[in-house]
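The values are calculated or read from the model by the stated rules, or taken from the named source; none is laboratory data. These numbers were taken from a predicted model, which means no experiment stands behind them. Backbone-built Cβ (ideal geometry, glycine too); neighbour counts: all protein chains shown. These area figures cover heavy atoms from the full protein model, side chains too; ligands, DNA and RNA do not enter into them. Shrake-Rupley method; radii C 1.70, N 1.55, O 1.52, S 1.80 Å.
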Amino acid sequence: MAIHRVSRRNFLKTSALSVGAASLLTEHPLRAAADQTTAPAAQPAGLPAPPPITAKTFASISATLDGISKATMEAHYRLYQGYVNKTNEIRQKLATADPTKGNQTYSDIRELKVELTFAVGGVKNHETYFGHLGGKGGKPAGALLTAIEKHFGSYDAWAADLKGTGLAARGWVWLAYDRDDGRLYNYLGDAQNTFPVWNAVPVLALDTYEHAYYLDYQTDRGKYIDAFMRNIDWGVVAANLEKAMK
Ligand SMILES: [Fe+2]
């Protein structure tokens, strides 16, 4: 067994050092080559895995929405559950990934860390999305409407920009509050993990992946975005903004 050979080699090295003969064991080229081929893998240092996360429940999944079918919402929720599970799986694997083997072309730690951002993005994006569906749509009110009007000119201008961004995106649109300049922006994402802007907090998320609408609208994403707008719970978005501004 490898462990036995390693222990024996370490024992021989230790013994040789004790009699001043270490160079005889380590400097012979054939012995050095043999050491390389039988060297044990470095023990992974790893990081402790955070506690596992669990899928949240959302009233929007079982609600009757205007223009977004229950079948779409239920299938969509199962995708979200998959992101939760993969987040936990990747975090567990990272706990045993060997950081000394990091390589930018391919390495376990690289692949795990890249895909972790996709999985975590899938969790966070969908929690925002499911969280503010199930409302009556229309226009927001109060501080949220004031902020939209201030930063986009008018609600209609904001809504037009959101829809246009949604038609241009391959994954997501986020209405985000940028804590650095205190303004709202419609940001575009092509995947769960692109393109985040640091210190900008999404307060509204529009999923533009085809799984969000193909069952109901096939390729007519514009009609789906219109339906999305009819089902926004503005109270949730306002609460998201209030939290982001703290
Ligand atoms: Fe989605």
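Criterion first (within 16 Å of the ligand (Cβ to nearest atom) and without any contact (Cβ under 8 Å) to a residue 24 or more places away in the chain) does LYS70 satisfy it? Answer is yes for this residue. Just to be sure, is ALA176 open to solvent by less than 50 Å² (accessible area, probe 1.4 Å), in contact (Cβ under 8 Å) with a residue 24 or more places away in the chain, small (Gly, Ala, Ser) and within 22 Å of ASP156 (Cα to Cα)? Here the answer is yes, as ALA176 does meet what is asked. For segment 120-133, a tally of residues being away from the ligand (no atom under 13 Å from the Cβ) and crowded, with 21+ Cβ neighbours inside 10 Å returns 1.
Considering (1) charged (D, E, K, R); (2) more than 11 Å from the chain's Cα centre (by Cα); (3) more than 30 Å from TYR213 (Cβ to Cβ), say which one ARG78 fails and leave the rest. All conditions are met except number (3).
Checked against the criteria, GLY82 counts as within 16 Å of the ligand (Cβ to nearest atom), surrounded by fewer than 16 Cβ atoms within 10 Å (Cβ to Cβ) and either in the same structural domain as ILE232 (by TED's automatic domain parsing) or within 25 Å of PRO196 (Cα to Cα) (or both). Comparison of ALA205, ALA212, ALA200, ALA147 shows that the only residue that is more than 24 Å from GLY134 (Cβ to Cβ) and in contact (Cβ under 8 Å) with a residue 12 or more places away in the chain is ALA200. Number of residues in segment 224-246 that are loosely packed, with under 15 Cβ neighbours inside 10 Å, of a type outside the set (Lys, Arg) and part of a loop (DSSP other than H, G, I, E, B) equals 0. Scanning segment 179-199 for residues that are within 19 Å of ALA143 (Cβ to Cβ) and open to solvent by less than 50 Å² (accessible area, probe 1.4 Å) yields a count of 3. Determine if segment 93-113 includes at least one residue that is open to solvent by 40 Å² or more (accessible area, probe 1.4 Å), out of contact with any Lys or Arg (no Cβ under 6 Å at 6 or more places or on another chain), within 16 Å of the ligand (Cβ to nearest atom) and modelled with pLDDT of 95 or more. There is no residue in segment 93-113 that is open to solvent by 40 Å² or more (accessible area, probe 1.4 Å), out of contact with any Lys or Arg (no Cβ under 6 Å at 6 or more places or on another chain), within 16 Å of the ligand (Cβ to nearest atom) and modelled with pLDDT of 95 or more.
With a requirement of 1 or more residues that are farther than 25 Å from ALA176 by Cβ and in contact with a Pro (Cβ under 7 Å, 6 or more places away or on another chain), the helices (runs of 4 or more DSSP H) lying completely within segment 47-136 that satisfy it span 70-94, 108-131.
LEU112 meets each of the listed conditions (1) without any contact (Cβ under 8 Å) to a residue 12 or more places away in the chain; (2) in contact with a Leu (Cβ under 6 Å, 6 or more places away or on another chain) apart from (1). In this entry, PRO202 is excluded by the filter for residues that are open to solvent by 20 Å² or more (accessible area, probe 1.4 Å) and at pLDDT below 95. Select from segment 73-107 the residues that are free of Cβ contacts under 8 Å to residues at least 24 places away in the same chain and among the aromatic types (Phe, Trp, Tyr) and list them in ascending order. Result: TYR106, single match. For segment 185-223, the candidate set comprises residues that are among the acidic types (Asp, Glu) and assigned to a loop (DSSP other than H, G, I, E, B); within that set, the residue that is nearest to the ligand (Cβ to nearest atom) is ASP190.
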